[in-house]
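Student: Okay, here's the structure, questions in a sec.
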Amino acid sequence: MSHEGAFARRRMRGAEKDQEQAPFDRAQGRPDERGEKDQGGRIPLRANARPHSAGAECVVRGMTRRDFLRRAAAGAAGMAAGIGGATLHRAAAAAGSPRPTARQNSVVLPVARAGMKYRTLGRTKLKVSELGMGTIVTQNPDVIHRAMDLGITFFDTAECYQNGNSEVKLGEALKGRRDKVVVATKWHTDGHTPAAELMRSLDLSLQRLKMDHVDLIQIHGADNVAQVSSDELWDAFTQARKDGKVRFNGFSTHGSIATIDAAIKSGRYDAVLTSYSAMTADSLGPVIQRAHQARLGVIAMKVLQPAHEGKDSEVFRPFRGNAYQKAIQWVLKDKNVSTAIVDMPSFEVLEEDFAATQTGMTKAQLGEFEAAVAVVAAGACHLCGACTGQCPAGVKVADIMRYLLYHDGYGHRERAASLYRGLPAGASAAACGDCAGCKAVCPWGVPVRERLERAHAVLA
């Protein structure tokens, strides 16, 4: 897949520092010395601008909430003067360049703001915003403040995101407004992890968050039945709930149908965080419906995968500029979904994704989008997990495919490389060089051996 062109939009927008500064050059990641604005109050980009890189985390300097609101007001004034829509001018990133702070060539759909909509998170009865906020890369607390101002009430984090800094930043941002939001974090179990170890993990998360409890604790990456069947984990949750440290029990999975079904049958879980998008409707739609009918809250992640896969496809031409919004709208049309979480580390992306909740697709637009997704889905990884355990050499095929998506689609290059290098000995694609032929077979036609070799080349 090519990584160039007008629609080569990288999802990763490096984190923003909390500071005020001169007008911000979004591609350069630094103040624009010119300070020029177009007629809509926006900062134009230099044609040859390249994203600023600041080491492994690609930290990019950004606006504070005050700056953003000031510019938003200027943009609104321009729109009132006759400018339709809020086009965000962004330069296309060249293949191999550092990750930009915002999506390229992105168009925010015209918005008649009616406010955020809310849904019930399954049997918890918690009311949550239909658009939730993931915090894998978010670092600017002002972006989180703005999200709350827009009505976002569901925030998802984990102890491993940013090596724990995600929980720290989220806790700082929510100070004084904790009772207005629902907070979810995660702990790990392999199915045999002792309850005491899980409790220590939870206590450390609460210390980083500076909270006395979280609303939802989730198994991180539960992709086998043993994890959701763990009695040790149930004991830990039961004790934590008794101690007032957690309210509800959940798990995350990258689309393991068997795992979701086992969790439903157990009756122990209140919510499931699962991959779900227009690409996985046929495979995951039925189990998501079963989860909803069993009164589990359904939290959708990886909802933007069709936009990542289709960014260079000719069939996605009609959606260039708002494909990410269409991907969000597609998931939110499913009333089995309680909330869809998306990483929104910059003001621009936050506003863009919020705009998706304020409009919808017509039946004709829905058909066009689904037809385009069907084309780009052919030969693309669906994150279905069917390849799990297929390799006789022990290569973690499903995990590596996901890391490659983080690298190629999301632009989370350092994170993808870190995850890949953290695989156990013998589990990486380095072992593929010794095989005459790949035993892993993808039901969607993904050339597994070819993708594994590419993953090792770019991530090792």
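Student: Of everything in the stretch 237-260 that's basic (K, R) and touching a residue at least 40 places away in the same chain (Cβ under 8 Å), which residue is farthest from V225 (Cα to Cα)? Working first, answer last.
Tutor: Of the residues in the stretch 237-260, the ones basic (K, R) are 241-242, 245, 247.
Okay, now just the ones that are also touching a residue at least 40 places away in the same chain (Cβ under 8 Å), so 245, 247.
Numbers: K245: 25, R247: 23 Å.
Of everything passing the filter in the stretch 237-260, K245 is farthest from V225 (Cα to Cα).
Student: Which of the residues belonging to the stretch 138-157 are at pLDDT below 95 and in contact with a strand residue (DSSP E or B) (Cβ under 6 Å, 6 or more places away or on another chain)?
Tutor: N140 - this is the single residue of the stretch 138-157 that is at pLDDT below 95 and in contact with a strand residue (DSSP E or B) (Cβ under 6 Å, 6 or more places away or on another chain).
Student: Please determine, by comparing only the residues of the stretch 377-436 that are touching a His at 6+ places or on another chain (Cβ under 7 Å) and over 17 Å from A457 (Cα atoms), which one is surrounded by the fewest Cβ atoms within 10 Å (Cβ to Cβ).
Tutor: Y410
Student: Can you tell me which residue in the stretch 437-460 is farthest from the chain's Cα centre (by Cα), limited to those that are over 13 Å from C387 (Cβ atoms) and either exposed (fewer than 14 other Cβ atoms within 10 Å of the Cβ) or at pLDDT below 85 (or both)?
Tutor: G437
Student: Given the options A271, A262, A291, A258, name the one that is under 16 Å from L383 (Cα atoms) and either of a type outside the set (S, T, Y) or at pLDDT below 95 (or both).
Tutor: A258
Student: Ok, one more. Just to be sure, is T238 among the β-branched types (V, I, T) and either assigned to a loop (DSSP other than H, G, I, E, B) or in contact with a Pro (Cβ under 8 Å, 6 or more places away or on another chain) (or both)? Before you say what the answer is, go through the steps one by one.
Tutor: Numbers: among the β-branched types (V, I, T): yes; either assigned to a loop (DSSP other than H, G, I, E, B) or in contact with a Pro (Cβ under 8 Å, 6 or more places away or on another chain) (or both): no.
No; evaluated as a whole, the condition is false for this residue.
Student: Out of everything in the stretch 147-168 that is among the charged types (D, E, K, R) and crowded, with 24+ Cβ neighbours inside 10 Å, what residue ends up being nearest to I341 (Cα to Cα)? Full working, then the answer.
Tutor: First, the residues of the stretch 147-168 that are among the charged types (D, E, K, R): 149, 156, 159, 167.
Imposing the further condition that a residue be crowded, with 24+ Cβ neighbours inside 10 Å reduces the set to 156, 167.
On the way: D156: 8, E167: 16 Å.
Per the stated criteria, the residue is D156.
Student: Do we have M199 as part of a loop (DSSP other than H, G, I, E, B) and in contact (Cβ under 8 Å) with a residue 40 or more places away in the chain here?
Tutor: Numbers: part of a loop (DSSP other than H, G, I, E, B): no; in contact (Cβ under 8 Å) with a residue 40 or more places away in the chain: yes.
In short, no.
Student: Please indicate, with yes or no, whether at least one residue in the stretch 121-139 is among the acidic types (D, E), more than 29 Å from E348 (Cβ to Cβ) and out of contact with any Asp or Glu (no Cβ under 7 Å at 6 or more places or on another chain).
Tutor: In the first step, residues of the stretch 121-139 are kept if they are among the acidic types (D, E); the result is 130.
After this cut, where a residue has to be more than 29 Å from E348 (Cβ to Cβ) as well, the list is none.
Taking every residue of the stretch 121-139 in turn, none turns out to be among the acidic types (D, E), more than 29 Å from E348 (Cβ to Cβ) and out of contact with any Asp or Glu (no Cβ under 7 Å at 6 or more places or on another chain).
Here is a yes/no grid of residues against (1) part of a strand (DSSP E or B); (2) surrounded by fewer than 23 Cβ atoms within 10 Å (Cβ to Cβ); (3) touching a residue at least 24 places away in the same chain (Cβ under 8 Å); (4) not hydrophobic (A, V, I, L, M, F, W, C):
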{"residue": "A262", "(1), (2), (3), (4)": "no, yes, yes, no"}
{"residue": "V272", "(1), (2), (3), (4)": "yes, no, yes, no"}
{"residue": "A278", "(1), (2), (3), (4)": "no, no, yes, no"}
{"residue": "S283", "(1), (2), (3), (4)": "no, yes, yes, yes"}
{"residue": "V298", "(1), (2), (3), (4)": "yes, no, yes, no"}
{"residue": "A327", "(1), (2), (3), (4)": "no, no, yes, no"}
{"residue": "V337", "(1), (2), (3), (4)": "no, yes, yes, no"}
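Student: Looking at the stretch 202-232 only, could you name the residues that are assigned to a helix (DSSP H, G or I) and of a type outside the set (A, V, I, L, M)? Show your work before the answer.
Tutor: Quick first cut of the stretch 202-232, residues assigned to a helix (DSSP H, G or I) only: 202-209, 225-228, 231-232.
D203, S205, Q207, R208, Q227, D231, E232, listed by residue number.
Student: Could you run through the stretch 430-456 and say how many residues are part of a loop (DSSP other than H, G, I, E, B) and not aliphatic (A, V, I, L, M)?
Tutor: Residues that pass the stated criteria total 9.
Student: Checking T193 against (1) under 19 Å from C160 (Cβ atoms); (2) without any contact (Cβ under 8 Å) to a residue 12 or more places away in the chain; (3) in a loop (DSSP other than H, G, I, E, B); (4) not aromatic (F, W, Y), which single condition isn't satisfied?
Tutor: Here T193 meets the rest and fails (2).
Student: Restricting to the stretch 303-324, what's the tally of residues that are part of a helix (DSSP H, G or I) and either within 23 Å of M133 (Cα to Cα) or of a type in the set (G, A, S) (or both)?
Tutor: Keep residues of the stretch 303-324 that are part of a helix (DSSP H, G or I), which gives 305-310, 314-319, 323-324.
Now drop any that are not either within 23 Å of M133 (Cα to Cα) or of a type in the set (G, A, S) (or both), which leaves 305-310, 323-324.
So the answer is 8.
Student: Given the condition more than 20 Å from the chain's Cα centre (by Cα), surrounded by fewer than 16 Cβ atoms within 10 Å (Cβ to Cβ) and β-branched (V, I, T), answer yes or no: does some residue in the stretch 229-249 qualify?
Tutor: Taking every residue of the stretch 229-249 in turn, at least one turns out to be more than 20 Å from the chain's Cα centre (by Cα), surrounded by fewer than 16 Cβ atoms within 10 Å (Cβ to Cβ) and β-branched (V, I, T).
Student: Please work out which one of (1) on the phi > 0 side of the Ramachandran plot; (2) in a helix (DSSP H, G or I) is the condition G255 fails and give its number.
Tutor: Exception for G255: condition (2).
Student: Further, regarding this structure: List the pairs whose first member sits in the stretch 368-379 and is without any contact (Cβ under 8 Å) to a residue 12 or more places away in the chain, whose second member is buried (at least 16 other Cβ atoms within 10 Å of the Cβ), and whose Cβ atoms are under 9 Å apart, counting only residues at least 6 apart or on separate chains?
Tutor: A374/A278; A374/M279
Student: So, one more: Regarding A327, is this residue in contact with a Pro (Cβ under 8 Å, 6 or more places away or on another chain), small (G, A, S) and closer than 25 Å to G385 by Cα?
Tutor: Numbers: in contact with a Pro (Cβ under 8 Å, 6 or more places away or on another chain): yes; small (G, A, S): yes; closer than 25 Å to G385 by Cα: yes.
Yes: the conditions hold for A327.
The values are calculated or read from the model by the stated rules, or taken from the named source; none is laboratory data. Everything numeric in this text was worked out from a predicted model, so none of it was measured. Every residue, glycine among them, receives a Cβ derived from its backbone with ideal geometry; neighbour counts consider all protein chains shown.
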